[in-house]
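Since the structure comes first, as structure tokens, the remarks are kept for the end.
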Amino acid sequence: MHDPLFQPITINRLEVKNRIFMPAMHLNMAANYAVGDRLVDFYAERARGGAGLITVGYATVDEHSGNPGNIGAHKDIYLPGLTRLAAAIKENGARSSVQLNHAGRYNHSMLMGGRQPVAPSAIASRLTRETPKELEADEIAAIVESFAQAARRVKEAGFDAVEILSGTGYLISEFLSPLTNKRTDGYGGSFDNRIRFGLEVVGAVRAAVGADFPLVVRMNGNEFMKNGSSREELVEYAVRLAEAGVDALCINVGWHEAQVPQIVAEVPRGVFAYLARGVKERVAIPIIASHRINDPAVARELLEEGCCDMIAIGRALIADPFFPEKARQRREEEIVHCVACGQGCFDNLFKLRAVECLCNPKAGYEKSRAVTAAETPRKVMVIGGGAAGMTAALTAAERGHRVTLHERSGRLGGQLLLAGAPPGREEFLELARDLDHQVALSSITVRLGSEVDAALLDAEAPDAVVLATGGEPVRPPIPGASLPHVLQAWDILKGRKVSGKRVAVIGGGAVGIETALMLAEQGTLSGDALKFLLVHGAETPESLYALATRGSKEVTVIEMLDEMGTNFGKSTRWGMMQDVERFGVRSKLKARVVEITAECVTIEVDGVAEEIPADTVVLAVGTRRHAPLVEVLEARGIPFEVVGDATKPAMVFDAIHAGFAAGRKL
């Protein structure tokens with residue numbers, strides 16, 4: 001059977017076995033620029049998993065270009081680590097390349113020993129709040145040469161190709177964009193001048209590596225930056241790059257400070273492939289589409305429709321390194337999909353930590369967290385079929401234990417089913433299905449509708465127990481909190497209850513915001529309806545926008561703190577708060593709820609009372625642990641571990657990692 005995803009492709013003279021391209025992602029796993037065991041093990045696993053071409057990085061070209069957590073390519077002393085990394089990827093079946101980059105004004109002085117970042121013009125970065133030094137002509141020439149020498153090291157280390165990052169708001173795109181390039185010399189002003197630096201880098205790298213060595217450029221198809229480079233300019237830049245001898249182009253989107261979401265769960269799968277198609281229509285070299293492609297069906301569709309020649313699959317290979325091999329063998333139901341949560345990858349980078357993964361606790365710990373067979377298989381009971389319970393059961397079964405998983409409801413998934421209920425969060429439902437399927441493929445015995453009590457424990461007589469019974473929503477001691485029109489957020493998210501037109505949500509944390517947005521979107525145009533009306537010119541774009549963002553309910557969030565959504569991860573929060581404004585959700589901050597009545601919620605802000613009219617009141621004030629069997633287990637002397645929200649309410653990341661640790665310890 002012909003599978004477009006697994007056809008070979010040639011880049012320059014390099015044959016790649018399939019169309020799966022793992023793009024460079026900053027992992028923060030280098031130690032003072034040097035490649036060590038952690039990076040080698042991480043990429044070797046992805047090579048074993050079947051990716052065709054793996055690009056590592058980004059890698060630095062000089063000491064202003066990155067930080068010590070980046071892979072170093074700016075000195076010969078880093079060659080041994082680079083050589084070892086190239087060998088590990090190639091020995092495990094994949095082609096390898098290194099992405100070279102200079103961060104420009106996106107670099108932080110604190111990460112460079114106090115040195116000032118550099119850029120084409122002295123325009124402050126909205127990310128770092130620092131103003132860079134404007135580069136002199138001789139400094140520009142030195143950076144061009146630094147790219148060339150770094151590329152030489154990449155080739156010398158044994159990699160199969162080199163990539164230049166020419167987008168995302170880093171140095172080359174800073175020269176390209178009129179937003180950040182205000183120069184009046186030969187590197188500023190006209191389009192030809194603004195692309196000069198990028199083309200000089202390409203020319204110098206080509207001269208350093210030779211005509212036969214594959215040279216890839218990763219560039220923006222759209223910057224999503226007001227007053228930046230136009231989409232038409234970027235397509236023309238792609239044409240010039242091809243003319244300059246670039247062998248392939250990887251098309252990504254947006255600068256890091258762009259206000260259009262790029263990598264979070266609300267971004268539809270494969271939505272940005274139209275940008276790759278726009279470039280492919282103008283050039284004859286291979287084009288790679290990227291961003292939010294986490295499923296083989298989407299990848300195949302993009303290839304079959306002629307949008308691109310290869311597919312960049314990044315975080316999906318962090319979540320499941322064997323995604324390619326499972327797809328090749330048509331075992332796609334076994335793939336654990338990336339949920340685009342950012343909790344372990346991007347959020348960790350903001351904390352200056354190495355990348356981890358919500359879905360895959362082994363990511364970045366391929367050897368130290370390897371699951372080995374237990375010396376003595378035991379009878380293990382796992383109580384609770386949510387994220388923590390399923391992960392604990394799967395890990396214990398992988399160890400060789402005899403595992404029975406008890407879930408009191410009729411379905412596995414637990415709070416993943418709540419997390420996936422709001423619009424744009426459906427990937428969590430996919431994760432629930434993925435884990436459920438992993439359990440079905442394993443040796444685990446599943447008992448749904450099973451409420452474990454002391455009698456069942458005595459009857460089963462397990463050698464060990466994992467208690468993953470989760471949490472339950474809090475009902476605060478507010479006068480009127482027990483009135484019939486006062487609902488829990490969980491009831492709304494699960495679809496068990498319907499709200500009235502005027503809704504007050506008490507609690508502005510993650511659950512409260514997600515519930516408020518779910519309610520606010522009720523009555524808005526669906527995607528299909530919006531497309532139909534737009535294509536047929538039934539309404540103006542402005543009217544359609546209003547119909548797509550104004551629903552049938554009036555929603556107000558009441559929060560005691562002075563800001564909302566504080567327990568979202570950083571990579572998710574900004575987009576969620578944009579949606580709060582976009583969908584007309586009102587907020588009352590620093591508000592204490594005094595009383596709930598049949599008609600309203602009485603609040604007090606700075607000592608002033610106010611009434612919020614409400615037909616329905618939704619409680620989203622937190623979760624408390626639910627672990628009723630702890631005393632029973634202690635009394636019987638049965639060894640046990642408590643994981644997930646049964647320990648303390650936390651995020652899905654914490655639940656899965658705790659479940660993995662418990663299962664691995666048994």
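At-a-glance table
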quantity: Where a label projected 7 Å from the Cα of R353 along Cα→Cβ would reach, residues of region 38-62 with amide N under 19 Å; calculated: 38-39, 42
quantity: Lys, Arg +1 and Asp, Glu -1 on Cβ, resulting dipole of region 4-350 about Cα centre, debye, nearest 20; calculated: 280
quantity: Sorted by Cβ neighbour density within 10 Å, fewest at the top, the residues S190, S587; calculated: S190, S587
quantity: Set of lysines with alpha-carbon distance to K226 below 17 Å, sequence-local pairs under 8 removed; calculated: K182
quantity: Cα-centred dipole magnitude for region 1-50, charges only on beta-carbon of K, R (+1) and D, E (-1), debye, nearest 20; calculated: 120
quantity: Proxy reagent accessibility, fewest Cβ within 10 Å first, across K648, K155; calculated: K648, K155
quantity: Cβ-placed point charges (K, R +1; D, E -1), dipole of the chain about Cα centre in debye, nearest 20; calculated: 760
quantity: At R0 = 60 Å, FRET efficiency that the Cβ-Cβ distance of T372 and K494 yields, to 0.05; calculated: 0.95
quantity: Average Cα contact separation per residue, region 345-497, under 8 Å, 6 or more apart, as relative contact order %; calculated: 25
quantity: Nearby lysines by direct alpha-carbon distance to K497 (threshold 21 angstrom, same-chain neighbours under 8 apart not counted); calculated: K553
quantity: Beta bridge orientation in region 486-621: antiparallel %, DSSP, nearest 5; calculated: 40
quantity: Protection-proxy order for peptides 401-409, 459-467, 385-393, 656-664, each taking the mean of Cβ atoms within 10 Å per residue, highest first; calculated: 385-393, 656-664, 401-409, 459-467
quantity: Restricting region 271-343 to GluC sites (Glu not before Pro) in coil, as DSSP defines it, with at most 12 other Cβ within 10 Å; calculated: E281, E305
quantity: Net +/- balance of residues flanking V371 in space, Cβ distance below 14 Å, scoring K and R +1, D and E -1; calculated: +2
quantity: Listed peptides 24-34, 133-143, 489-499 by packing density, highest first (mean Cβ within 10 Å); calculated: 24-34, 489-499, 133-143
quantity: FRET efficiency, 1/(1 + (r/R0)^6) with R0 56 Å, evaluated for D458 and Q116 via beta carbons; calculated: 0.20
quantity: Cα gyration tensor, region 199-265 - rounded (a/c under 1.5), prolate or oblate; calculated: prolate
quantity: Cα centroid separation - region 166-195 against region 447-478, whole Å; calculated: 61
quantity: Among beta bridges that DSSP assigns inside the chain, antiparallel share in %, nearest 5; calculated: 20
quantity: Packing-based order for 416-429, 221-234, using average beta carbon neighbours within 10 Å, highest first; calculated: 416-429, 221-234
quantity: Taking the chain and dividing mean pair separation by its residue count, relative contact order in percent (alpha carbons under 8 Å, at least six apart); calculated: 11
quantity: Between region 312-335 and region 486-525, the Cα center-to-center distance that results, in Å; calculated: 35
quantity: A124/V605 FRET efficiency (R0 30 Å; Cβ-Cβ; nearest 0.05); calculated: 0.30
quantity: Computed helical MRE - 222 nm, the chain, DSSP H runs ≥ 4 contributing -39500 (n - 2.57), nearest 500; calculated: -9500 deg cm²/dmol
quantity: Shape of region 96-141, Cα gyration tensor, a/c cut at 1.5; calculated: oblate
quantity: Sequence of T395, T647, T10 once ranked by neighbouring C-beta atoms within 10 Å, starting from the fewest; calculated: T10, T647, T395
quantity: Per-residue ³J(HN,Hα) for region 520-536, Karplus 6.51 cos²θ - 1.76 cosθ + 1.60, θ = phi - 60°, Hz, x for Gly and Pro; calculated: 5, 7, 5, x, 7, 5, 6, x, 5, 5, 4, 4, 4, 5, 5, 4, 8
quantity: Mean Cα-pair separation over length for region 486-621, i.e. relative contact order, pairs under 8 Å, 6 or more apart, %; calculated: 36
quantity: Net charge contributed by nearby residues that have their C-beta within less than 12 Å of H657 (K/R +1, D/E -1); calculated: +1
quantity: Cross-link partners of K17 among lysines (Cα-Cα below 17 Å; sequence separation of 8 or more within a chain); calculated: K90, K326
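Only the coordinates and a few stated rules stand behind these numbers; no lab work does. All figures in this text were calculated on a predicted structure; none of them were measured in a lab. For neighbour counting, all protein chains shown are included, and Cβ atoms are generated from backbone atoms with ideal geometry for every residue, glycine included.
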